[in-house]
Each structure stands twice: as C-alpha cells, then as structure tokens.
Amino acid sequence: MKKLFLLVMLLFTVSLLFAQKAELEDHKENIEGPFNSPQEVTKACLECHEEVGAEITASRHWNWSEAHGTAIPEGKVNLGKKNIINNFCIAVPSNYPRCTSCHIGYGWKDKSFDFSKEENIDCLVCHDQTGTYTKNPKMAGMPDKKVDLLKVAQSVGPTTRQNCGTCHFNGGGGNGIKHGDMDNSLLNPTADYDVHMGGQDFSCSECHTSNEHKIAGKSHSSRYMGTGTNVNCEDCHTGKIHKKKTLNKHIATVACQTCHIPTFAKEIPTKMYWDWSTAGTKATVHKDENGKPDFMNKKGNFKWGKNVVPEYKWYNKSAGYYLLGDKIDPTKPVVLNPLNAS
C-alpha cells in the first residue's frame with residue numbers, strides 16, 4: 001500500500017512538472033508577433049488573461065496611491081508615491097519620465113496619463129525570463145529599443161528576484177541608492193548574507209504573496225498610514241520562536257529586525273544623505289573610502305554608507321506628510337493616525 005501511494009505521488013509530481021513546462025512552452029507556441037510596440041504585447045497577453053487588466057489597474061503597484069480614510073477634515077484622500085514628497089527624489093512631478101521609468105506601465109510622462117488604459121500595462125517587466133528586458137531610464141516606462149519584444153514575450157513565467165529587482169534594487173537612480181537593504185547582491189546571496197534568499201533560495205513572492213495582482217507588503221510610510229497588506233516575520237515564525245522566554249516577551253514591543261538586521265548595505269554602498277540645493281554649482285568632487293563621489297552637478301551633494309548600523313526609534317502611531325494635490329495645501333503637513341483610520 002505504501003509503495004502504491006509513493007508511485008501515485010511520483011506520477012502526480014511528474015505530471016505537474018510536465019504541465020508547468022507545457023504552460024511555459026505554450027507562450028512560445030501561441031505568441032507569434034511581430035510586435036511594433038510594447039502595447040501590442042500587452043494586448044496579446046490580455047487576449048488569454050482577460051481578468052488581469054482590471055486586477056492590475058486596481059492595484060497600488062499600478063496607481064502608486066491608494067484611497068485612505070484619515071482623521072483629517074478632508075476625509076478620504078489618495079496617498080502614495082504619486083503624491084507624497086519624499087526626502088530623496090522629492091516628488092514624481094519633478095521629473096515624470098525618469099521617476100515613472102520604474103512604473104509597471106508605458107507612457108506616464110505627465111499628469112494626463114490615463115490609468116484606465118489596460119494596454120499600457122507592462123507585463124514583461126515582471127514576467128520576463130530572458131534577463132534581457134530593460135526600460136529606458138528617461139522614457140516614462142518604455143522599454144529600451146534594443147529589447148527583442150517577441151523573444152521576451154515568449155519567455156514569460158513566474159516572477160523572479162531579477163524581475164522585482166529591476167525596479168526595487170535601483171530606486172533613486174542606481175543600485176542600492178535609495179534602499180540600503182535591497183540591491184543586486186540579493187540576486188545570488190550566500191546564507192550568511194541573507195538567510196531567506198541565500199539560505200533557502202526564496203523568491204520575493206515567497207513572502208510578498210499576490211492575490212489578483214495585489215502584492216502583499218508596503219513601504220514604511222504606507223505602513224504608518226495603515227494602507228495595504230502587512231508582511232510580518234510572525235506570518236511564518238509563530239508560537240514560541242526563541243528558546244529563552246525573555247526573548248519571546250520582547251516580540252510584543254521590539255521589531256524582529258532590531259536583532260536580526262544588525263547592519264545594512266553590507267556589500268553595496270547606499271546613499272545616507274542627499275542635498276539637492278547644491279545641484280548646478282561647481283563644487284569639487286571627492287571620492288570616499290568606497291570610491292563613491294560626494295557630488296554630481298545634476299544631483300548635488302551626498303554621503304554614502306556601507307555596513308551601516310541602523311538607528312532604532314520608537315514609533316508613536318502617527319506620521320506627518322506633505323501632499324501634492326488641489327484639495328490639500330502642499331505646504332502644510334497632514335498628520336495621519338492609523339488608529340483612527342476608517
């Protein structure tokens with residue numbers, strides 16, 4: 001009986017592998033091209049994946065904002081990367097084509113972009129398996145003209161670290177610049193470098209799960225706003241995680257990262273300070289111990305850090321934001337309290 005069970009499981013596994021292989025091969029057989037624009041690729045994708053267009057256009061990844069009920073007099077407002085000023089790249093309207101080169105769409109070059117047009121969804125940036133798909137950094141999300149759209153379209157498959165890293169490793173204009181905990185050293189890390197991606201070969205989607213193209217997880221700012229879906233260590237590490245009871249008591253008030261991420265930017269230096277006010281001046285360029293320049297004429301002065309020890313602070317459940325929009329004065333901070341959010 002046991003041998004019969006094992007044989008059935010083996011046959012099931014083999015059939016599943018063949019089904020997955022066939023599914024990938026179907027893209028090569030069913031997508032013929034030629035494609036004169038990336039939008040034509042998207043239209044071909046949506047012929048079979050009819051529901052995906054509506055899913056993505058309703059997502060935060062697409063809209064870069066999300067309706068949020070707050071305790072402020074104006075009531076619900078759309079908040080997100082699209083309209084919140086940040087302290088590194090300032091704001092999307094300051095340079096639409098450059099900022100939106102990391103948007104999962106094509107052609108968001110100004111505020112007139114139509115978010116309802118499903119043909120402008122970029123399926124390839126998330127599903128390319130060739131490793132050759134790149135976006136032009138100055139063309140509002142359009143792919144580089146050298147990209148073989150047919151080859152990439154026929155290769156599509158489940159998302160990989162490379163897919164996610166195309167944008168998330170390069171926030172701020174380069175590898176590891178904006179997020180010191182995310183850079184291309186995560187493409188093939190050791191177990192010592194990253195216990196999940198290196199030790200267990202996790203993909204990003206292992207934790208950042210997706211449902212109807214709504215991806216779990218969010219930035220620290222949207223976490224404070226109470227929007228989106230959290231990804232927490234406790235989602236997998238449940239119960240009495242530590243052998244010592246004292247450590248288990250800490251979990252209620254101390255973030256896991258406090259002990260388990262002692263440093264960041266371990267291999268690739270990250271920007272720690274950025275002063276745009278000196279852009280355009282004729283400052284002298286110096287290089288630090290990592291060989292990184294402290295000034296660029298177009299971007300001003302900055303400082304870099306490597307193996308940086310984080311500063312830990314208590315969060316008091318409220319955060320201030322400057323919004324870009326017609327209804328709210330962008331010169332005044334809007335204080336949001338997720339505890340009072342509707």
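Please treat every number below as a calculation from the coordinates, not as lab data. Keep in mind it's a predicted model, so treat the numbers as computed, not measured. Every residue, glycine among them, receives a Cβ derived from its backbone with ideal geometry; neighbour counts consider all protein chains shown.
Entry for the range 119-239 at q = 0.20 Å⁻¹: log10 I(q)/I(0) = -1.38, Debye formula applied to identical alpha-carbon scatterers, no solvent contribution. Taking a sphere under 9 Å around the Cβ of E119 and counting the other residues whose Cβ falls inside, with K and R at +1 and D and E at -1, yields a net charge of 0.
Taking a Cβ cut-off of under 12 Å around A279, the surrounding Lys, Arg, Asp and Glu residues balance to a net charge of +2, with basic ones at +1 and acidic ones at -1. Legend: distances between Cα atoms for K43/K214; K214/K244; K214/K292; K28/K111; K151/K218; K178/K243; pairs beyond 29 Å are K214/K244; K214/K292; K28/K111; K151/K218; K178/K243. Rounded to 0.05, the FRET efficiency of the N78 and K243 pair, given R0 = 41 Å and the Cβ-Cβ distance, is 0.35.
Remark: relative contact order (the range 62-190) = 18 percent; criterion is Cα-Cα distance under 8 angstrom and separation of 6 or more residues. In this simple spin-label approximation, T209 and V309 carry label points 7 Å from Cα along the Cα→Cβ vector, and these lie 3.7 nm apart.
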